Amino acid sequence: MKLALNLSLLIFALFTFSENSFALTDYAIKMICKKEKRISTCRKNLVEKRTNLKKGYQIKIPVIPYQGN
């Protein structure tokens with residue numbers, strides 16, 4: 001019984017979250033690129049990544065390690 005419940009929850013989660021992708025808004029792109037040296041290049045790259053994400057293509061996202069105190 002527990003296996004059936006876990007399997008049904010897994011299938012439910014896969015179907016509900018599989019088609020959703022959350023892309024950056026224009027305002028978020030402005031705020032991110034405000035700190036960069038070349039603002040126009042940063043905006044161009046992020047907008048291109050956003051359109052590729054919306055089309056369903058995979059994009060590379062750099063992971064920056066957390067520097068705790």
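The values are calculated or read from the model by the stated rules, or taken from the named source; none is laboratory data. Computed from a predicted structure; not experimentally measured. Please note: Cβ atoms are built from the backbone with ideal geometry, for glycine as well, and neighbour counts cover all protein chains shown.
Data overview
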| quantity | calculated |
| --- | --- |
| So Leu10, is it outside any helix (DSSP H, G or I) and either surrounded by 10 or more Cβ atoms within 10 Å (Cβ to Cβ) or modelled with pLDDT under 80 (or both) | no |
| Test: Tyr66 is over 16 Å from the mean Cα position of the chain (by Cα) and outside any helix (DSSP H, G or I) | yes |
| Ser21 vs. criteria in a helix (DSSP H, G or I), at pLDDT below 85 and not hydrophobic (A, V, I, L, M, F, W, C) | no |
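Yes/no matrix, rows are residues, columns are (1) at pLDDT 80 or above; (2) surrounded by 11 or more Cβ atoms within 10 Å (Cβ to Cβ); (3) of a type outside the set (Gly, Ala, Ser):
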site: Phe17; (1), (2), (3): no, no, yes
site: Tyr27; (1), (2), (3): yes, no, yes
site: Ile32; (1), (2), (3): yes, yes, yes
site: Asn45; (1), (2), (3): yes, yes, yes
site: Lys54; (1), (2), (3): yes, no, yes
site: Tyr57; (1), (2), (3): yes, no, yes
